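Written out below as structure tokens is the structure these notes cover.
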Amino acid sequence: MRSIFTRVALPILLVLAGIMTSSVAQAQDFEADARQLVADYESRLRPLEITAALAWWDANTTGSDAAFAKKQEAETALDKALSDTARFAKLKACDEAKLEDATLARKCD
């Protein structure tokens, strides 16, 4: 009886334990990638969004041609930054992943 366990059940249990360990490590790597993606967004895109929003406000409250030109430049810079397909693929992967950290998952949403 013991030899059957040693030859059959034990290897199966070890394989299952390895798969579970691998998936936990993979999930942790995915969360680290997601945290890096959020940090990159906050450092790179947030200033562009603020600049575009302030330029929009100035253009729509003053009505000046110079303010509208500045608004257009700011929106173009933001659109260019948002059109990065590699970053979008990473964001999509993080959004589709089942992240355990609910706050991080919401930031990737």
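The values are calculated or read from the model by the stated rules, or taken from the named source; none is laboratory data. Being a predicted model, the structure only gives us computed values, none of them experimental. With ideal geometry, Cβ positions are generated from the backbone for all residues, glycine too; neighbour counts draw on all protein chains shown.
Please state which one of Ala59, Ala52 is surrounded by 13 or more Cβ atoms within 10 Å (Cβ to Cβ), touching a Lys or Arg at 6+ places or on another chain (Cβ under 7 Å) and of a type in the set (A, V, I, L, M). Don't jump to the end; show me each part of the working.
On the way: Ala52 fails: touching a Lys or Arg at 6+ places or on another chain (Cβ under 7 Å).
Exactly one of Ala59, Ala52 is surrounded by 13 or more Cβ atoms within 10 Å (Cβ to Cβ), touching a Lys or Arg at 6+ places or on another chain (Cβ under 7 Å) and of a type in the set (A, V, I, L, M), namely Ala59.
Considering every residue within the range 2-16, establish whether at least one is of a type in the set (A, V, I, L, M), assigned to a helix (DSSP H, G or I) and modelled with pLDDT of 80 or more. First the steps, then the outcome.
Step one: list which residues in the range 2-16 are of a type in the set (A, V, I, L, M), which gives 4, 8-10, 12-16.
Those still in the list that are assigned to a helix (DSSP H, G or I) too: 4, 8-10, 12-16.
Still in the running and modelled with pLDDT of 80 or more: none.
No, there is no match, as no residue in the range 2-16 is of a type in the set (A, V, I, L, M), assigned to a helix (DSSP H, G or I) and modelled with pLDDT of 80 or more.
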